[in-house]
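See structure below.
The values are calculated or read from the model by the stated rules, or taken from the named source; none is laboratory data. These numbers were taken from a predicted model, which means no experiment stands behind them. Quick reminder, even Gly has a Cβ in these numbers, built from the backbone with ideal geometry, and neighbours come from all protein chains shown. Protein only, heavy atoms only, side chains kept; ligands, DNA and RNA dropped before computing areas. Shrake-Rupley method; radii C 1.70, N 1.55, O 1.52, S 1.80 Å.
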Amino acid sequence: MQDITLRVARKEDCPRIMELIRELAEYENSVHEVTVSPAAFEAAGFGPDPVWKAFVATVPVPDGEQIIGFALYYIRYSTWKGCRLYLEDIVVTSSWRGKGVGKLLFDQLIAEAKEKQFSGITFQVLEWNEPAINFYKKYTDKFEPEWTNVRIELS
């Protein structure tokens with residue numbers, strides 16, 4: 001297996017991260033839901049007031065490196081628990097799934113949350129996504145069925 005490297009995402013990674021976001025949307029049969037423009041995505045991560053951060057997993061290729069996965073997160077505040085890391089998405093390209101890339105990324109998120117002294121990590125998983133649920137069960141048994149997701153679309 002090739003050497004996998006984790007690093008903090010950079011601005012120039014945004015096009016590849018967007019490709020992986022589309023790959024995730026295809027897997028979830030929700031391509032039509034991806035409405036963020038590449039420019040808005042980049043600005044949200046690397047503009048004057050960035051709202052997200054990410055780690056990327058890379059492998060060497062002849063002309064440099066290829067991003068094979070990412071974990072995108074932001075900091076949220078719980079009035080009950082304090083600062084928490086919110087994992088928005090963790091994605092590994094299909095040809096690299098099952099090879100430990102997701103574990104490396106998730107372990108990096110845990111290390112980041114501990115380093116920043118956050119009270120925990122919060123995320124969502126689709127109830128039909130058994131591979132993801134089984135992955136997360138290796139880390140926790142705290143799934144919250146009593147909560148209902150609510151959203152308001154403004155655009």
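Structure notes:
- Net charge over other residues, Cβ less than 13 angstrom from the Cβ of ASN29 (K, R count +1; D, E count -1): -3
- Rounded accessible area per residue of the range 1-67, 1.4 Å, Å²: 61
- Here LYS11 sits with roughly 100 square angstrom of accessible surface, probe radius 1.4 Å.
- Net lengthening on full extension, GLU26/GLU144 (0.36 nm per residue, minus Cα-Cα): 39.9 nm
- Taking all Cα pairs closer than 8 Å and separated by 6 or more residues, the relative contact order of the chain comes to 18 percent.
- Among the listed pairs LYS81/LYS103; LYS81/LYS114; LYS11/LYS81; LYS99/LYS138; LYS53/LYS142, those whose Cα-Cα separation exceeds 23 Å are LYS81/LYS103; LYS11/LYS81; LYS53/LYS142.
- Relative contact order %, the range 70-155, counting alpha carbon pairs below 8 Å whose residues are six or more apart: 25
- Exposed GluC sites (Glu not before Pro) absent - longest run of the chain, DSSP non-H/G/I/E/B, at most 13 other C-beta within 10 Å: 29-126
- Restriction of the chymotrypsin sites (Phe, Trp or Tyr not before Pro) in the range 43-114 to DSSP coil positions whose beta-carbon has at most 12 other beta-carbons within 10 angstrom yields TRP80.
- Dimensions (Å) - the range 1-96, Cα atoms, principal axes, largest first: 47, 30, 26
- Under the criterion of Cα pairs below 8 Å and six or more residues apart, the relative contact order for the range 1-84 equals 32 percent.
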